[in-house]
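Notes to accompany the following structure.
The values are calculated or read from the model by the stated rules, or taken from the named source; none is laboratory data. For clarity, every value in this text was computed on a predicted model and none was experimentally measured. With ideal geometry, Cβ positions are generated from the backbone for all residues, glycine too; neighbour counts draw on all protein chains shown.
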Amino acid sequence: MDDAPRPVAVFDLDNTLADTAHRQHFLERRPRDWNGFFAAAPDDPPLAEGLALVRAHAEECEIQYLTGRPERCRADTVAWLDQQALPAGRIWMRRDSDRRPARHTKLDILRRLARAREVRVLVDDDELVCDTAEQAGFTVVRARWATGSAALEEAQEREGRT
């Protein structure tokens, strides 16, 4: 029997598994309403394409979730994943005070994972995260099935909030 750990498939949440379109208006105003944006996350509709990929990868891989959401959103995030009947897995979240761009925070975690396990794939909607992960040698699936938001993209890169 092979005792090697299963490879890991890593999934982003916002606009990969969860449709944030209904709450993006919180980011389109100045100042941005981050409390409102994250408070509305439990009402995110699921994105069928992303959920199907999680379930398909769960056959061969351990599923882990990698999000730019701050740690204070953990309970809502766990509840949302449970409501979607997605496989249990570690949830990597941003420290509440961490404002680095997602491409840096996520790459740090991917590299940490890769030291001990094979990272089979990263599935993410953020093009800069995807570019950075590919440049570092990771296999990436670009989640392009959700409605994009310029405000969300700017927030991910410039404000390090999601």
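For the stretch 47-71, the candidate set comprises residues that are over 19 Å from ARG142 (Cβ atoms) and within 15 Å of the chain's Cα centre (by Cα); within that set, the residue that is surrounded by the fewest Cβ atoms within 10 Å (Cβ to Cβ) is GLU71. Restricting attention to the stretch 129-146 and to residues that are in contact (Cβ under 8 Å) with a residue 24 or more places away in the chain and assigned to a loop (DSSP other than H, G, I, E, B), the residue that is farthest from MET93 (Cα to Cα) turns out to be TRP145. With respect to (1) of a type in the set (A, V, I, L, M); (2) farther than 23 Å from ARG117 by Cα; (3) in contact with a Leu (Cβ under 7 Å, 6 or more places away or on another chain), the lone exception for VAL8 is condition (2).
Residues that are of a type in the set (Lys, Arg) and in a helix (DSSP H, G or I) within the stretch 97-128 comprise ARG103, LYS106, ARG111, ARG112, ARG115, listed in sequence order.
Filtered by the rule that a residue be touching a Leu at 6+ places or on another chain (Cβ under 7 Å) and either in a helix (DSSP H, G or I) or surrounded by fewer than 23 Cβ atoms within 10 Å (Cβ to Cβ) (or both), the stretch 11-46 gives ASP19, GLN24, LEU27, PHE37, PRO46. The residue that is surrounded by the most Cβ atoms within 10 Å (Cβ to Cβ), counting only those in the stretch 89-128 that are in contact with a Leu (Cβ under 8 Å, 6 or more places away or on another chain) and either at pLDDT below 95 or basic (Lys, Arg) (or both), is LYS106.
Looking only at the stretch 99-136, residues that are of a type in the set (D, E, K, R) and farther than 13 Å from LEU66 by Cβ come to 9 in all. Return the total of residues in the stretch 87-127 being more than 21 Å from ARG6 (Cα to Cα) and either touching a residue at least 40 places away in the same chain (Cβ under 8 Å) or over 13 Å from the mean Cα position of the chain (by Cα) (or both). Of the residues in that region, 14 qualify.
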